[in-house]
Amino acid sequence: MDEENIRKRKESQNGSTSNNEDSQTKDKQPAKATVLQKDVGLLSGICLIVGTMIGSGIFISPKAVLLYSGAVGPCLLIWAACGVLATMGALCYAELGTMITKSGGEYSYLSEAFGSLVAYLYSWTTVMVLKPSSLAIITLSFAEYASTPFYPGCTPPVIVTKSLAAAAIFLIVMVNCLSVKLANYVQNVFTLAKLFIILIIVVAGMVMLAQEELKDPFRNLPLAIIIGIPLVSVCYVLVNVAYFTVLTPTELLLSPAVAVTFGDRVLYPLSWIVPLFVVFSTFGSANGSCFTAGRLAYVSGREGHMVKILSYISLKRYTPAPALIFNGILASIYIIPSDINTLINYFSFAQWGFYGLTALALIVMRYTRKELHRPVKVPIFMAGLMVLVSCYLVLAPIIDKPDLEYLYCTIFIVSGLFLYYPFVHRKVNWARKIMSK
């Protein structure tokens with residue numbers, strides 16, 4: 001009996017020892033570092049590019065291209081040429097993105113090529129105006145389409161569309177703060193939804209015609225760009241072909257929302273599908289805009305170009321929650337004024353200026369940073385062409401219509417220097433205390 005008791009006691013001790021070892025093994029599993037995790041795969045990267053590029057424009061504004069081109073043929077050529085130009089620009093970004101694998105996009109590229117000052121002016125302009133105002137205008141488009149069915153025959157009240165846009169911003173920011181994977185899932189679903197309605201429009205047009213944050217960035221980033229940008233370009237051209245198959249140029253120019261008119265003509269009694277999927281499209285585009293804007297504000301805070309709190313990451317969710325919330329608050333503020341479209345139009349010349357500087361950064365670093373590894377290397381003439389096109393798009397609207405608003409925008413951008421000198425360059429004690437809060 002004594003031997004049996006001793007044996008049972010040993011087995012019990014061995015069992016507890018084994019359990020302790022198992023628990024210790026579990027405890028010794030590597031913990032994630034408190035940094036942004038690489039949870040964006042190839043599919044999510046493609047959906048982020050496609051979903052952010054395709055918003056409401058292709059469903060609403062093809063008539064603007066037709067109006068200024070004057071005919072169907074030149075209109076389609078312009079869409080195709082813009083697709084080729086976008087692909088060339090994207091390939092330049094592929095080289096920069098695989099060479100400099102930091103978060104922040106253009107901010108990181110400009111910092112490496114031109115130094116802190118140019119990167120700061122970019123982050124100042126983009127974080128404070130361009131990104132949040134872009135999110136605001138996309139969610140306003142979402143709200144307009146979402147509320148229109150409830151007000152047949154009339155325009156929805158402004159308070160309704162703005163309240164709905166604010167609710168959309170809150171929901172999108174919350175999703176992006178909760179989880180990167182959840183934000184990617186939302187992006188993937190809504191991108192597939194918008195590609196579905198584009199497919200419906202294209203197929204319907206062909207039928208009428210017959211009747212008449214990235215994993216493995218060195219691999220996935222260039223693949224996502226090479227697949228995503230041409231996919232968007234082909235979609236845009238084919239959708240326009242479908243429009244012109246069903247609508248005459250005059251009908252297209254008179255239509256307030258081309259896709260809706262197309263749906264009424266071809267898809268009736270299922271024409272309600274078009275505005276529903278435009279709502280999905282704009283929501284997905286807003287989600288992608290929020291995702292990228294949060295990363296830019298996060299990197300700016302990390303580098304000391306914005307207040308430090310923007311560089312904080314949720315310990316539980318591994319998302320840049322303060323940066324996302326800050327962008328959402330600014331977007332909600334930009335919803336309030338009635339002339340946000342004017343704000344976007346006048347600041348777009350600044351955006352093209354930074355696009356040109358980014359392409360120029362590629363050329364500069366070919367000579368100043370030869371030691372950097374370049375998994376993707378594009379012909380340098382592509383970057384040169386992007387610089388020239390960007391210069392034209394910056395100067396052309398100012399020469400054509402030299403409004404004072406362009407001067408105001410320039411003054412706003414330059415005014416960032418008054419904050420840069422004490423807060424970033426000199427880092428005086430009182431400024432350092434403010435930035436570290």
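The values are calculated or read from the model by the stated rules, or taken from the named source; none is laboratory data. All of these numbers come straight from a predicted model, not from anything done at the bench. Methodologically, a virtual Cβ is constructed for each residue, glycine included, from the backbone with ideal geometry; neighbour enumeration extends over all protein chains shown. Side chains included, ligands, DNA and RNA excluded: accessible areas come from the protein's heavy atoms. Shrake-Rupley method; radii C 1.70, N 1.55, O 1.52, S 1.80 Å.
Only one of the numbered conditions (1) modelled with pLDDT under 90; (2) part of a helix (DSSP H, G or I); (3) among the aliphatic types (A, V, I, L, M); (4) surrounded by 13 or more Cβ atoms within 10 Å (Cβ to Cβ) is not met by VAL378, and that is (2).
Where helices (runs of 4 or more DSSP H) sit wholly within region 103-185, those with at least 2 residues that are open to solvent by 50 Å² or more (accessible area, probe 1.4 Å) occupy 106-114, 131-147, 158-178.
Residues of region 295-317 that are buried (at least 19 other Cβ atoms within 10 Å of the Cβ) and not in a helix (DSSP H, G or I): GLU303, HIS305, MET306, ILE313.
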